[in-house]
Amino acid sequence: MAGRDDRDRYSLPDTNLHYLSLLGGNLKGLRVAWSPDLGYAAVEPQTLEKTSEGVSIFETLGCTVEMATPNITDPGQAFGLIWAVSYAIAYSDMLDEWSDQMNPDLVALIEQGKDKLATEYAQAEIEREELFDRLMQFFDRYDLLLTPATAVSAFNINQFEATEIGEVKGPPTFDWTPFTYPFNLTGQPAASVPCGWTDDGLPVGLQIVGRRFDDAMVLKAAAAFESASPWAHKRPPLDGKT
């Protein structure tokens, strides 16, 4: 979804790009950063192993790959607050009539957002701006950033959150997906491509992040990676995993 629509103040001008025509060519000379943990995340060993192997493919494609991590801290708390408040604003008036038919985790999220103070929300937005500034500085040096897509492989479909990351066990948290919400907050394009398989046959994803508005570069990198490391011929076992 892209292009100007005057009914939506967040919409952007149409760039008239035809993305499929941009997917060819090579990645030679691109400066690529590889951050296995973004400086704060715990990652399941098999996930780290397979994503590291995926990163090496970018070197064979002619990229200059460096281990480099942006100077950021975990924005999970700010993201969680903004997310909860947005759901509370959108759906809290439905709870009286529909809460018994809604997903319990969704109801809990709405309830969590209802009681937040305006000052708490404003502080989260300030943290969002600081994250944006630091990542923009990081992308002055790099064309792409690679991370694992998630910290764990697939967990049971009946779970809303993972409760185990490698040897670390605990209550459900955002800790299973520490790599995606930073770029939800900044509005940067990111793609997840399968880059390997666990011993149980479950796919592991590699995340490719680009500069803001540089969707074409992310898509081009994802296409080049998939050409060099095809995966569509393989399917995971469907045995209650998500």
What do you reckon, is Y10 without any contact (Cβ under 8 Å) to a residue 40 or more places away in the chain, closer than 21 Å to F183 by Cβ and either among the β-branched types (V, I, T) or not in a helix (DSSP H, G or I) (or both)? yes
Name every residue in segment 109-128 that is over 12 Å from Q77 (Cα atoms) and surrounded by 12 or more Cβ atoms within 10 Å (Cβ to Cβ), in order of residue number. L109, I110, E111, Q112, G113, K114, K116
Note down all Cβ pairs under 7 Å where the first residue falls in segment 17-42 and is under 20 Å from P182 (Cβ atoms), the second is among the basic types (K, R), and they're at least six residues apart or on different chains. R31/R141
Residue satisfying all of: in segment 136-178; in contact with a Pro (Cβ under 6 Å, 6 or more places away or on another chain) and either modelled with pLDDT of 95 or more or charged (D, E, K, R) (or both); surrounded by the fewest Cβ atoms within 10 Å (Cβ to Cβ) among these: E161
Restricting segment 209-237 to residues that are surrounded by fewer than 17 Cβ atoms within 10 Å (Cβ to Cβ) and aromatic (F, W, Y), which is modelled with the highest pLDDT? F213
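The values are calculated or read from the model by the stated rules, or taken from the named source; none is laboratory data. Please read these numbers as outputs of a predicted model, since none were measured by experiment. Glycine also receives a Cβ, built like all others from the backbone with ideal geometry; neighbour counts cover every protein chain displayed.
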